[in-house]
Protein chains: 2
Amino acid sequence: MAWQAPPAAGGAARRAMLGSMTSSATSDGTRSLGPADFAAPMDDRYFEDYHPGATYEYGHVLVTEQDIIDFARKFDPQPIHTDPAYAVTGPFGGLIASGWHSAGIMMRLIAGHYLSRVASLASPGVDELRWPSPLRPGDSVRARLTIVEARPSRSKPDRGIVRSECRLLTRDDRVVLQFVAINLVSLRDPAA
Amino acid sequence: MAWQAPPAAGGAARRAMLGSMTSSATSDGTRSLGPADFAAPMDDRYFEDYHPGATYEYGHVLVTEQDIIDFARKFDPQPIHTDPAYAVTGPFGGLIASGWHSAGIMMRLIAGHYLSRVASLASPGVDELRWPSPLRPGDSVRARLTIVEARPSRSKPDRGIVRSECRLLTRDDRVVLQFVAINLVSLRDPAA
């Protein structure tokens, strides 16, 4: 994978992009493309900073044929993921990425932008994972995350539970992966 | 990862293992550990061969510290997955694998043993993915799959939908990953 800079854009999109390039560029070169990022950076982000209804976008990531084959040889060696000549004759008319590769790309964007570096405790799992359309060689994808719920834990008062709708989208807005993430996050101020 | 032969065992377990070693050893060296595998091999396995209630086991796979770090550097670079010294101070008391790494290991076992090589069409997704306990360096894991539903498609008479409970278990039977897989599989005989 190549962790790409976003393309040139004009007007509000361009300003938003430049703003986020300053505030959330990371060492892997991905950038938030959303109009605004969290008020709190990842090094000082706690449960209180996750507000239901907020949406963020991160990416793009360019996925090559070699990326797809390398992942699949290790973790999902079906010929539709490893053999371009065979895959042309298959139900998708060409090579497609393992769905678990898409999940890995999504996780990279989540770990690089969305999770706190100081308050992320664990994830019990994800719900309703779907692969609505195939991820193909040459696709560039971005992550879109919407916070759907943020509530304090009933059993452990030092933490809260954040549920986020996560989608991985191509440039033409095909959804190649979606799931609902569940994350446990420490409170900044449990006494409040 | 090292795709391990199972250890020596006695009695019924040993007989079951030897039986399945003959019938379902694959090129990656993993073996079915279940008492019986599918009646139909992967090259001649269709929807009709997936029977609700049937349970199969595949593995083991040994997971090393280097495997965990290599995966996480690419797809989930949180220090609890990449930095053993940091991870000792973290909530799990040591390095743990990215949950998406566990999913890749599971997929490798599913692709190598469970899915048909001739009739597997696609997977729309998985439900209720959970990571109930951590996967740690040195753990050896096996997959356990139970078919929970197999029904013909209502809209497309050439295929059926198979739902399988999938678990990844350590040698001491800790569940490190579980989900319900959904697979579309061609019928051997759509006219029957």
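Can you work out the FRET efficiency for the pair B:Arg174 and A:Thr55, with r the C-beta to C-beta distance and R0 = 41 Å, to the nearest 0.05?
On the way: r = 37 Å, r/R0 = 0.89.
Efficiency computed from Cβ-Cβ geometry: 0.65.
Under a straight-distance cross-link criterion of Cα-Cα below 15 Å, which aspartates and glutamates are reachable from B:Lys156, leaving out those fewer than 8 residues away in the same chain?
B:Asp189
What's the FRET efficiency of A:Ser153 with B:Arg117 using the Cβ-Cβ distance as r and R₀ = 51 Å, to the nearest 0.05?
Values: r = 46 Å, r/R0 = 0.89.
E between A:Ser153 and B:Arg117, to the nearest 0.05, is 0.65.
How far is B:Glu149 from the same spot in each other copy, in nm, shortest first, if each label point sits 7 Å from Cα toward Cβ?
Result for B:Glu149, in nm, nearest copy first: 2.1.
Mind giving me the nanometre distance, one decimal, between the label points for A:Asp44 and A:Asp189, set 7 Å out from Cα along Cα→Cβ?
Label at A:Asp44, label at A:Asp189, 1.4 nm between them.
Once phi is turned into ³J(HN,Hα) by the Karplus curve 6.51 cos²θ - 1.76 cosθ + 1.60 with θ = phi - 60°, what whole-Hz value does each residue of segment A:125-141 show in order, with x for glycine and proline?
Ordered by residue, 3J(HN,Hα) equals x, 9, 10, 6, 6, 9, 10, x, 9, x, 9, 10, x, x, 5, 10, 10 Hz.
In whole Hz, what ³J(HN,Hα) sequence does segment A:55-61 give by Karplus (6.51, -1.76, 1.60; θ = phi - 60°), x for Gly and Pro?
3J(HN,Hα) across segment A:55-61, in whole Hz: 10, 10, 10, 9, x, 8, 10.
Taking B:Val88 in one copy and the same position in all the others, each labelled 7 Å out along Cα→Cβ, what are the pairwise distances from the first, in nm, shortest first?
Distances between equivalent label points, in nm: 5.5.
For a label point 7 angstrom out from the Cα of A:Arg73 toward its Cβ, which stretches of segment B:82-123 have the backbone nitrogen within less than 18 Å?
B:105, B:108-109, B:112
Report, in whole Å, the centroid distance computed from the Cα atoms of segment B:126-192 and segment A:56-76.
Segment B:126-192 and segment A:56-76 have Cα centres separated by 23 Å.
When Lys and Arg each count +1 and Asp and Glu each count -1, what net charge do the other residues less than 10 Å away from A:Ala97, Cβ to Cβ, add up to? List each step's numbers first, then the result.
Numbers: positive: A:Arg136; negative: A:Glu65, A:Asp67, A:Asp76, A:Asp139.
Around A:Ala97, the charge tally is -3.
Distances in nm, one decimal, shortest first, from A:Asp127 to the same residue in every other copy, taking the label point 7 angstrom along Cα→Cβ.
1.2
How about B:Lys74: which aspartates and glutamates have a C-alpha closer than 13 Å to its C-alpha, ignoring those fewer than 8 places off in the same chain?
A:Asp28, A:Asp67, A:Asp70
Can you list the residues, at least 5 places off or on another chain, whose amide H is less than 5 Å from the amide H of A:Arg188, using H built in the peptide plane?
Excluding prolines and chain starts, which carry no amide H, the hits are A:Phe47, A:Glu48.
Suppose each label sits 7 Å from its Cα in the direction of the beta carbon; what would the A:Ala36-A:Thr146 distance come out to in nanometres?
Result for the modelled spin labels: 1.8 nm.
Only the coordinates and a few stated rules stand behind these numbers; no lab work does. Predicted model, so just to flag it, every value in this text is computed and none were measured. With ideal geometry, Cβ positions are generated from the backbone for all residues, glycine too; neighbour counts draw on all protein chains shown.
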